[in-house]
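Please read the structure below before turning to the comments.
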Amino acid sequence: MTERNSSRVRRGARAVPALLAVAACLLASAAWAQSGRKTQKPLPLPTSDSTKQGESSSTARAETKKDALVSFVVMRYDDPIIGIDPLARDGVASSFRQRLGQSVSVAVTDAGKGRRQDARERAKAEQTAYVVLFHLDEEGVGMSVTDVDSRALVLRTYVYTPKTADLKYTDTVYQRPYQDTARVGGVRIPVPTRRATRYPSQHELEQAARDAADRLLSRFQITPPQDR
């Protein structure tokens with residue numbers, strides 16, 4: 001009986017180091033896995049809201065191009081008028097483009113500066129878009145080169161058809177007294193001037209640019225956007 005017990009003790013003693021070794025391996029594996037999880041951060045997955053937002057934005061862009069009834073490529077006439085602030089002149093052309101782009105039925109592309117020949121060449125290269133040449137022009141004889149009367153400036157637009165570059169439409173818009181108004185319940189009311197002018201007729205010219213855009217839209221049987 002004594003020999004049998006001592007044999008069991010010896011076998012148990014020999015088994016202890018093996019068990020300790022296995023336990024050490026398991027602990028090391030667990031520690032390595034834990035450290036690996038800490039260092040290797042998973043990439044963030046898009047939430048359902050962000051996914052829907054991304055899908056809606058891309059879909060909106062596609063629908064905008066698909067639903068556009070008319071496409072305009074707008075080119076500004078490259079003939080700077082001496083005596084007029086270039087920034088203010090850019091603001092007039094920008095008002096024209098922005099007014100066209102307010103309509104959901106119109107796609108607008110800015111083609112930079114050019115002249116009539118440039119506009120015709122661009123129209124020949126277009127498949128469906130009409131090329132619009134926007135010209136801030138002087139009207140009248142005997143105007144001083146260095147002192148331009150901004151009240152005598154007019155806005156001319158030339159529209160060229162795609163592929164053929166035929167002149168489809170031309171228009172001249174004159175300035176009118178500036179009306180800075182807003183709508184309250186569908187009724188127009190005057191509001192204070194929002195910003196200072198760079199020259200006396202800047203507001204009138206930007207208003208005339210929007211008028212020119214509205215006339216162009218109407219020519220293509222598109223209802224101009226309502227003023228807010």
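Stretched out straight at 0.36 nm per residue, the stretch from ARG151 to SER94 would grow longer than its current Cα-Cα span by 18.6 nm. With K and R counted +1 and D and E -1, the other residues having a Cβ less than 15 Å from that of TYR77 yield a net charge of -1.
Each value in this text was obtained by applying a stated rule to the coordinates, not by laboratory testing. No experiment lies behind these values; they were computed from the predicted model shown. Glycine also receives a Cβ, built like all others from the backbone with ideal geometry; neighbour counts cover every protein chain displayed.
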